[in-house]
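The values are calculated or read from the model by the stated rules, or taken from the named source; none is laboratory data. Here the structure is a predicted model, which means the values were calculated and not measured. Cβ atoms come from the backbone with ideal geometry, glycine included; neighbour counts cover every protein chain shown. Ligands, DNA and RNA are stripped out before the accessible areas are found, and what is left, the full protein with its side chains, is counted by its heavy atoms. Shrake-Rupley method; radii C 1.70, N 1.55, O 1.52, S 1.80 Å.
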Amino acid sequence: MKVLVWNENRHEKTNAIVTEIYPEGIHGAIAEFLQDDDVQVKTATLDDAQHGLTDEILTDADVLVWWGHLAHDEVADEIVEKVKQRVLDGMGLIVLHSGHFSKIFKSLMGTSCDLKWREAGEKERIWNIDPTHPITEGVGQYFELEQEEMYGEHFDIPTPDELIFVSWFEGGEVFRSGATFKRGKGKIFYFRPGHETHPTYHNKDVQRVIKNAVKWANNTNTPTHVYGNAKPLENILGR
Ligand code: ZN
């Protein structure tokens, strides 16, 4: 399986706290734990030519992981359109944290994807509410992040195909933290944790969920459907 990890990589260049937590960038940290014998990982960032999302690179990727925050508007519309087409054609997409406001996620959801937020470094308890789902394999009833940004409901997304995780925050809010969607042949997973000033992507449970999600989103079952006017498969004309 070939995975492409995309990161806007801007906080890493301007915020010393983020650089200390992720010396190789958020994309570097995610690539490192995803890489194994079955998974080939490449990375791409906003400032690469064509944001590192050329036709060749996109065609080659089975699953794309997306982290963005400060610079959603700088992602070119024509590249977003190409990414969307690849998802509809069967590429998996994992959208992380503030990627809820990325052009690609909003375009695929068709809603504002807005939410409540608060940066107070509070505890997040992430409940596993679908213990039969492959994305929760190896995850207990819940896991905790000692410090995270709060995201709260209402989260303006379409009703998910599957709701996998629900978060509780110390300040009292709850949030649909793990949700799946299908668009065309593409499988999409939104996963909430990952504020840049907390070491969230070094957490073993977070890593396990993202690893599971990448495997789940790799859609190898993509028969080529033919659309439009169709000849009958049985002799219904000479009856
Ligand atoms: Zn954040």
*Does anyone have the angle between helix 77-88 and the longest principal axis of the chain? Alpha-carbon axes, 0 to 90°, nearest 10?*
60
*Which GluC sites (Glu not before Pro) in the range 1-107 pass both tests, a DSSP loop state and at most 14 other beta-carbon atoms within 10 Å?*
24
*Find how much the distance from residue 36 to residue 78 grows on full extension, using 0.36 nm per residue of separation minus their present alpha carbon separation; answer in nm with one decimal.*
11.9 nm
*In debye to the nearest 20, how big a dipole does the chain give about its Cα centre with +1 on each Lys and Arg Cβ and -1 on each Asp and Glu Cβ?*
1000
_Surrounding net charge for residue 97, when Lys and Arg each add one and Asp and Glu each subtract one, Cβ distance under 12 Å_ = -4
_Principal-axis tilt of helix 25-34 within the chain, Cα atoms, nearest 10 degrees_ = 60
*Using only C-alpha atoms and all pairs of different ones, pull out the Kirkwood radius for the range 91-239 in Å with one decimal.*
16.8
*Which of 13/211; 116/187; 106/211; 82/123; 2/123 have a Cα-Cα distance over 31 Å?*
82/123; 2/123
_Given Cβ point charges of +1 (Lys, Arg) and -1 (Asp, Glu) and nothing else, what value in debye, to the nearest 20, does the dipole of the range 1-52 about its Cα centre take?_
200
*Go through 202, 154 and list them by solvent-accessible area, largest first, probe radius 1.4 Å.*
154, 202
*Got a sec? What order do 72, 225 fall in by accessible area at 1.4 Å, biggest, i.e. largest, first?*
225, 72
_All-pairs Cα distance distribution in the range 2-217, expressed in whole percent, bin size 10 Å_ = 8, 37, 41, 13, 0
*Rounded to 5, the percent of DSSP beta bridges in the chain classed as antiparallel*: 60
*Just add up the charged neighbours of residue 187: K/R +1, D/E -1, any other residue whose Cβ is under 13 Å from the Cβ of residue 187.*
+1
